[in-house]
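Each remark here refers to the structure printed beneath this line.
The values are calculated or read from the model by the stated rules, or taken from the named source; none is laboratory data. Just so we're clear, the structure is a prediction, and the values are computed from it rather than from any experiment. A quick note on method: Cβ atoms are made from the backbone with ideal geometry, for glycine too, and the neighbour counts reach across all protein chains shown.
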């Protein structure tokens, strides 16, 4: 591989020379995923408990029936980034997603910091959704008359006697185990579970459709148009997930063709389900009466179908489980790619000799997310998410614009429409959403950023593959070892 103009932190991987898989046999991933398996992973990452909880929260206190508009606005904004991801996914069929795209277009230091951010963000998301499943699981056990010891039911400070969220931690380790079985077997499990989740959503929507009262849609904008836009900022975090799926590009059987389609299909399917769910929820019950924490459950109880609440709880558990799978897959592939590029020790990039999955980083991520899920309340764990993903969206959208003008001749299997307007909208919307984040989020981000700065300049800057190539071409042999 050659090095693009720009020395040191600005050196770039030349896109036209990036192979679909690099390294020796011990650093190869298995190409096992087809179009619909990739799409299922994307849907699994996008649709979580939000379809059953977030819609009710926004409808009740922010947007009213116009929560439907909130989801549409968020979906359009997310689509601007999705088109950009789709162009890169077809152009660079390599593990790493936004990290790799930023490295190739904006330079090593930009790629490093996006990858470093995603390591924290994706791991935190896995922990947050594990805590969410634990809450639903405890609810179902209580409904069946089963009461577990208080010490294992939650993190310290979340309830009387709570010491550790054992079920949430165990789920993190279970997902790590499934991913270590091999991507083909793991994706088969994910596809089946996503199918069940979609069926549960459709069942709830169909049953609810027969209990819609059109009068509940009036007034449609009780909080004004501003309420719909504020709601869009809230629900935006329910309409991404394809970004984590795109990290599996190197495990697709035909990534040039399948990855762009899977990104767009997964977002389209998810948006249709979100719109249907919003229509049914706000049509069954007046927005003022919707329970902000369990919207569908309260709506069905209001029409005499309280038993559906259990179906909603099961659907939420299934939905969150698939989110865990998608984002743990994402963080392990980003870590694997950064290590194979030498920005982190290459020891982490070793794959299993037969399953061809990065077992080392998968177990490390599984253990780290289990600890976070076990000891942190869901609010504190959630504050670790969001900012890195929004910054990744900015980097990818900017990179599409830059590359379209710098190298328009590159063969693209999918082209983002409306360049530069569409990706620019993705940049603007992502930056706008960042302004809604709490100051504590910025503090945590700054701390993680400084740690990353130290790691990069102490290790990655001198040890990366491009640094070794650059040094060999100018001053002699590169340093030995990691």
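Quick notes on this structure:
- Of 319, 342, all but one fail to be over 20 Å from residue 197 (Cβ atoms) and either within 17 Å of the chain's Cα centre (by Cα) or outside any helix (DSSP H, G or I) (or both); the exception is 342.
- Every residue from the stretch 76-108 that is within 15 Å of the chain's Cα centre (by Cα) and surrounded by fewer than 24 Cβ atoms within 10 Å (Cβ to Cβ): 79
- All positions within the stretch 351-365 that are in contact (Cβ under 8 Å) with a residue 40 or more places away in the chain and either farther than 13 Å from residue 30 by Cα or part of a helix (DSSP H, G or I) (or both): 359, 362, 363, 365
- Residue list for the stretch 388-432, filter: over 24 Å from the mean Cα position of the chain (by Cα) and buried (at least 16 other Cβ atoms within 10 Å of the Cβ): 403, 404, 412, 419, 420
- Pairs, first more than 16 Å from residue 373 (Cβ to Cβ) in the stretch 315-330, second modelled with pLDDT under 75 and part of a helix (DSSP H, G or I), C-beta under 6 Å, six or more apart: 316/49; 316/136; 319/49
- Any hit, the stretch 310-323, residues being farther than 25 Å from residue 239 by Cβ and out of contact with any strand residue (DSSP E or B) (no Cβ under 9 Å at 6 or more places or on another chain): yes
- Whichever residue in the stretch 374-387 is over 18 Å from residue 330 (Cα atoms) and modelled with pLDDT of 70 or more and, among such residues, is surrounded by the fewest Cβ atoms within 10 Å (Cβ to Cβ): 377
- Matching residues in the stretch 298-311 - criterion: being over 18 Å from residue 213 (Cβ atoms) and either at pLDDT 75 or above or within 22 Å of the chain's Cα centre (by Cα) (or both): 307, 311
- Just one residue in the set 111, 115, 154 is buried (at least 22 other Cβ atoms within 10 Å of the Cβ) and in contact with a strand residue (DSSP E or B) (Cβ under 6 Å, 6 or more places away or on another chain); that residue is 154.
- Checklist (1) within 18 Å of residue 250 (Cα to Cα); (2) in contact with a helix residue (DSSP H, G or I) (Cβ under 7 Å, 6 or more places away or on another chain); (3) at pLDDT below 70 applied to residue 19, failing item: (2)
- In a residue-by-residue description of the stretch 227-235, the property of being modelled with pLDDT under 90, in contact with a helix residue (DSSP H, G or I) (Cβ under 7 Å, 6 or more places away or on another chain), buried (at least 23 other Cβ atoms within 10 Å of the Cβ) and closer than 24 Å to residue 377 by Cα applies to at least one position.
- Whenever a residue of the stretch 87-99 is within 15 Å of residue 30 (Cα to Cα), its partners that are at pLDDT below 85, lying with C-beta atoms within less than 6 angstrom and at least six residues away or across chains, give the pairs 93/20; 94/18.
- Checked against the criterion of being in contact (Cβ under 8 Å) with a residue 12 or more places away in the chain, over 18 Å from the mean Cα position of the chain (by Cα), farther than 19 Å from residue 95 by Cα and crowded, with 16+ Cβ neighbours inside 10 Å, the candidates 208, 182 yield just one match: 208.
- In the stretch 37-64, the residues that are at positive phi and modelled with pLDDT of 90 or more form Cβ pairs under 6 Å with partners that are surrounded by 24 or more Cβ atoms within 10 Å (Cβ to Cβ) and part of a helix (DSSP H, G or I), at six or more places apart or across chains, as follows: 64/287.
- Residues of the stretch 400-410 that are assigned to a loop (DSSP other than H, G, I, E, B) and free of Cβ contacts under 8 Å to residues at least 40 places away in the same chain: 408, 409.
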